Amino acid sequence: ARRSGPTCLVRRQTRPPLVVQRALYLDEALPDMAFVYLCNPTAGVLQGDNLQVRVRLCPGARCHLTTQAATKVYATPQGSACQETCLHVSEGAWLEYLPDPVIPFSGSRFSQKTSITISPGATLIYGEIITQGRAALGESLAYTRLDSHLTVRRPDGLPIYHESFSLAPGSRSLIGRGILGIAGLTSSTGP
């Protein structure tokens with residue numbers, strides 16, 4: 001929230017393995033924008049992890065929210081791991097949510113669900129990157145399953161945008177038209 005000056009963290013509650021660092025002010029051109037890093041000081045996401053991130057920007061607040069490093073999802077031989085992210089951007093607020101890439105390791109099962117509520121007059125810059133795995137180690141598309149759900153709504157609950165996909169490289173080839181079909185980017189020779 002903005003409290004007579006720059007945007008600041010007014011409430012912070014964390015439990016391991018996630019940690020929220022204090023707000024930083026890194027851009028001289030935007031002295032009121034808080035830069036906040038969500039950190040996972042462990043090796044990465046492990047089997048059974050159920051991570052929850054909830055962020056609310058009050059009216060007029062400006063924040064760039066990111067992670068300190070890529071999210072490494074380790075093998076989950078007898079289960080899965082998941083992350084649920086809920087973002088609420090109030091009237092006149094500005095949120096840049098740009099986490100580092102998700103890297104699903106060989107044998108991993110990971111589900112992510114992102115729910116965004118955005119008020120009229122608010123601004124959201126949202127991006128996510130999911131890599132094909134650790135290609136340099138021969139683990140290109142070697143994960144077991146990756147599910148992703150993104151929903152953007154107005155404050156009254158009316159959906160603005162919805163995107164959902166499930167990738168299971170072992171049950172069906174993901175190589176085809178588009179970037180994953182270009183020879184040399186994966187262990188395949190392309191389509």
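The values are calculated or read from the model by the stated rules, or taken from the named source; none is laboratory data. In this text the structure is predicted, and so the values were computed from the model without any measurement. In case anyone asks, the SASA skips ligands and DNA or RNA and just uses the protein heavy atoms, side chains included. Shrake-Rupley method; radii C 1.70, N 1.55, O 1.52, S 1.80 Å.
Brief remarks on what is shown
- For the chain, the spread of Cα positions along the three principal axes, ordered from largest to smallest, is 57, 34, 32 Å.
- Region 51-122 and region 125-171 have Cα centres spaced 11 Å apart.
- When Rg and the Kirkwood Rh are both derived from Cα coordinates, the Rg/Rh ratio for region 23-69 amounts to 1.08.
- Percent carbon-and-sulfur accessible area, region 74-151, ignoring ligands, DNA and RNA, probe 1.4 Å: 54
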